[in-house]
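Before any comments, here is the structure.
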Amino acid sequence: MPSRLIIKYLGGFKMVATIVERDVSSIYRWHDRIPAKHQASILNYAREHGIDLRPDDFFYPDRLQLLMQEKQTSSTLCLLESYGVHAACVHTETALREMII
């Protein structure tokens, strides 16, 4: 479901409700797709806040899923490093960014 993935990517139902100026309950009703009238608002918000979200992501979620998996992996490695497990946190994040670009 691309809509649920985009909602999660943007920070959750409450955040998306704020972005599109709607009640959270209306966001829960989107199920399989984000209504076209809200897609532009979401894309504008993403662009203004440096979030990598593209029009294709509303229909083909594979790229977005990969970005989220890479971000999660990077965050996990950084967390491990903060607990004394020596991981190449900075190098991993740089490598991931280069793969995306």
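Read the figures in this text as sums done on the coordinates, not as results from a lab. Keep in mind it's a predicted model, so treat the numbers as computed, not measured.
Percent relative contact order of region 2-58, based on C-alpha pairs within less than 8 angstrom and at least six residues apart? Relative contact order for region 2-58 comes out at 38 percent. Both radii are taken from the alpha-carbon atoms of region 2-58; with Rh as the Kirkwood radius, Rg/Rh is 0.90.
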